[in-house]
Structure formats: C-alpha cells, structure tokens
Amino acid sequence: MKINTQRLLENIDRFAQIGKKGRIGVERIALSEEDMEARDLLKRQMLEAGLVVHIDQLGNMIGIRKGKKDLPPVAMGSHLDTVYAGGPFDGALGVLAGLEVIQTLNDQNIQTEHPIALVNFTNEEGVRFAPDMMGSHVYAGLAELDEILAAKAYDNPEETIGSRLKAIGYDGDAKPGSIPFHCFFELHIEQGPVLEVEGIDIGVVEMVQGIHWTKYSVIGEANHAGTTPIAYRKDAGYAAAQIQAFVGGLSREANSRILTTVGSIQFEPNTINIVPAKASFTLDLRSVDGELLLKTQEIIDQKINSIVQQQGLTLEKEVMVRFKPVQFEAAMVNAVESSAEQLGLSTKRMPSGAGHDAQMMAAFCPATMVFIPSVKGISHNVEEYSHDQDVENGANVLLRAVVKRAKG
Ligand SMILES: [Zn+2]
C-alpha cells in the first residue's frame, strides 16, 4: 500500500498559496488571518475524509477516523503555522502527509483496530506568542491553559492567545488533552544538512536535544574612549566579547557534544567613541546529553561571574527556556526504522536538533518522528525545499508506521 503522491504534492502546493511569500516561501503566523484560512481548508478536508473534527480550547484541531475498536487513537500530525518568511514544508508536511495517510486508508477501504487521529497543533513556532510548541505543551499537560490563553503578543500587548483564537473562530470547547492517544508520529523536514550530505532517505529520530535559553546583561560604565585609561574602564563590551569567545570555544573543542550560540548581542550606548555601559546577549545551549547540558551551563555561569567580578562589573541574568533532552520510545523508533527498510529506503538514526511538537507529546504518550532531507539543510527561510521523492518516501514511511501501530 502506497500513498497518492500526486494528491499529496498538490495539496502541499495548495496550502503553500495561503500566505505565499516570494517564489516558494510561505508566511502563516499562528492565529493570523492566513492561519485561519489554512485551518478552514484543513477542516473542510478533514470532514471530506470522513473525520470527526474536535477543536480544543487552545485551537488544536483533532480529526478522528473511527477504528474497529473503541481504543485510544494512533495520532499523527504537526503544525500549519510558520515563522516570518518561512517555507511550505516545516509543519505543513506532517499535517498534510497525515491527511494523505487517512485518504489512502479510505481509498483502500482499510479499517484499523485503533482509531486514527490527525492533529494540527496551535502556535508551534512561537513567533508572536511564547512559548513555542504551545499547543502540544498544553495538550500534554505541561502548562496551564489559563496562563497560556492570557499570553500577550510580543508586538502588541492588546492581543492575547485567547483574543486571537476568538477572532479567527478557533476557541473550541474540548479540553486540551481530553482525547488520549495510543501514540504519536510526526513527519518533518530535517532542517539540517546531514541526510542530504550523507545521501540518506529517512532520518529515524531517536531523541530531541535538550535546550537552554538564557539572556545575560553585563553592566559597566559609559566613558570616553580617548581619555579613559584602560585601568579605569568598566567595559561591558570587552567582557561580553571574552564571554562569547569562551562560550563559542566550548563547542569547538575536539569531540564536543555541546552546541553553543550567542545569536544576539546589543551594546549601550552602541557608539564608536564610548566605552559600552551595557552589553546584553543571549545564549542558546544544546546537547543530547542532559547531564552535560547542566554541567556546561554551570561552567559558563561560573566563568561569566568571574569575568564580571574581576572587572568590577555587574550581571543580570534571565532564564528563558530549560528543556531536558527527550528520548523517544524504542518501539516507536523501531516501527519507523522497519517501515523505511521494508520500503527499501536507507535510514540513519539521529537526534533532532530543533524542538518539535513530538517532544512535548512524548510526555503524553509514546511518540517519535520521521525526518526527510532538507535541500542544503535550509529552513526557517523562503528557500526551504524538499524534493518530491523525499516527500513521497516520508509519507509512505508514516503510512506504514501508523498502520503497524494501529493494527491495519
Ligand atoms: Zn516545525
């Protein structure tokens, strides 16, 4: 049994028209008018495929295909929202391939023992509202619904998740998490270069890296760049540069299993002839090894403290995100790997470098992911692309793995 490639590709293209940006890009920010339009289309397609559609209080969409038995559904899905100037595959692939799996089962008249659920999670990208992976976070019971509904937009404090859900008509009745899942599969583009460079068809995702996000501000004193001797300076910019070099060095050591990124830095007053009074920067720290992540965070904080103290500066620190690495259940990972092998596809076991809804769902039910190659590893960019053959392969692996777990 194989999916209908033509139908899937056409549907991906159809959704890519909603919020089309540039030649092949898509911009469909969560809870925007474009998101509403995409949701409306998905809802129509779910109903046409015979699914019973539930909208929960956070706008998560869950379409259920009946099984032979009244068991928890085998779920699959991802998200229809994108970043600013994003692409047509990040998220949409997992949702639309899931729909294609259901349409294929309909075509073949196959009824599985477990029901099958197709899920579109709200606000995976977290572009206007924090946190990211919002819908799955709440679905898995990891955050309070009321707090999340009150979350304000970064760019407009008048707007909340709750008000935007109402505005687009997706403030549903179902309690998030009230439909239990037997397990959850998410097909996604890799968003990195590994599969393409190594010529591998399918990434079998064993785990998701742990992530720490922290914001630091080093505070010194503004002073004249010509008249203030070095010994009298409290140069926040110099200290920040030392910290950045130290942090970057940690992931450049041989066999380092840690990824460090200082992705944003601002000086105040940010002028050529003034010693910076303040340097604010972010730290993105990731590892597949949870203990190493904690230990490295400690080493970095000690180093920052010692630099700040030695130079008579002060420090402000804001902890933004702390996600431990998530290990996916072996039986789920094996189901993906064996499905790919049965289809004659090459596979590689790998961690996910980015966060995904599946990592939140792993706290709710057994979960895992299927990766397909991203051309040049590009994503979160209008140039994001995956080849038709890879889309087809990924959807066929999803079909097999879902049918295996749902006992088709
Ligand atoms: Zn995504």
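Please treat every number below as a calculation from the coordinates, not as lab data. All figures in this text were calculated on a predicted structure; none of them were measured in a lab. Note: ideal-geometry Cβ built from the backbone for every residue, glycine included; neighbour counts use all protein chains shown.
Of the residues making up segment 318-342, those that are over 22 Å from Thr296 (Cα atoms) and surrounded by fewer than 17 Cβ atoms within 10 Å (Cβ to Cβ) are Glu329, Ala330, Ala331, Asn334, Ser338, Glu341, Gln342. The criterion of at least 1 residues that are buried (at least 24 other Cβ atoms within 10 Å of the Cβ) is met, among strands (runs of 3 or more DSSP E) falling completely within segment 1-118, by 61-65, 74-78.
Listed by position, the helices (runs of 4 or more DSSP H) contained in segment 124-218 that have at least 1 residues being in contact with a helix residue (DSSP H, G or I) (Cβ under 6 Å, 6 or more places away or on another chain) and buried (at least 19 other Cβ atoms within 10 Å of the Cβ) are 134-139, 145-149, 161-168. In segment 324-357, the residue that is farthest from the ligand (Cβ to nearest atom) out of those that are of a type in the set (A, V, I, L, M) and in contact with a helix residue (DSSP H, G or I) (Cβ under 7 Å, 6 or more places away or on another chain) is Leu343. Within segment 88-117, the residues that satisfy the criterion of being within 16 Å of the ligand (Cβ to nearest atom) and of a type outside the set (Gly, Ala, Ser) are Pro88, Phe89, Asp90, Leu93, Val95, Leu96.
Report, by residue number, each residue of segment 210-229 that is among the β-branched types (Val, Ile, Thr) and in contact with a Lys or Arg (Cβ under 9 Å, 6 or more places away or on another chain). Within segment 210-229, Ile211, Thr214, Val218, Ile219 qualify. Set side by side, the residues Val319, Val333, Val397, Val391 differ, and just one is β-branched (Val, Ile, Thr), farther than 18 Å from Gln191 by Cβ, out of contact with any Gly (no Cβ under 6 Å at 6 or more places or on another chain) and assigned to a helix (DSSP H, G or I), which is Val333. If you go through segment 76-87 and keep only what is under 19 Å from Val391 (Cα atoms) and more than 12 Å from the ligand (Cβ to nearest atom), you end up with just Met76.
The residue of segment 308-354 that is farthest from Val397 (Cα to Cα), among those that are out of contact with any Leu (no Cβ under 8 Å at 6 or more places or on another chain) and β-branched (Val, Ile, Thr), is Thr314. Within segment 358-372, no residue satisfies the criterion of being more than 16 Å from the ligand (Cβ to nearest atom), among the hydrophobic types (A, V, I, L, M, F, W, C) and either without any contact (Cβ under 8 Å) to a residue 24 or more places away in the chain or over 19 Å from Thr122 (Cβ atoms) (or both). The condition of being in a loop (DSSP other than H, G, I, E, B) and among the hydrophobic types (A, V, I, L, M, F, W, C) holds for only one of Ala254, Ala245, Ala240, Ala231, that being Ala254.
Residue-wise test of (1) more than 20 Å from Gly220 (Cα to Cα); (2) not hydroxyl-bearing (Ser, Thr, Tyr).
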{"position": "Thr261", "(1), (2)": "yes, no"}
{"position": "Asn273", "(1), (2)": "no, yes"}
{"position": "Lys278", "(1), (2)": "no, yes"}
{"position": "Thr282", "(1), (2)": "no, no"}
{"position": "Leu293", "(1), (2)": "yes, yes"}
{"position": "Glu298", "(1), (2)": "yes, yes"}
{"position": "Ile304", "(1), (2)": "no, yes"}
{"position": "Gln309", "(1), (2)": "no, yes"}
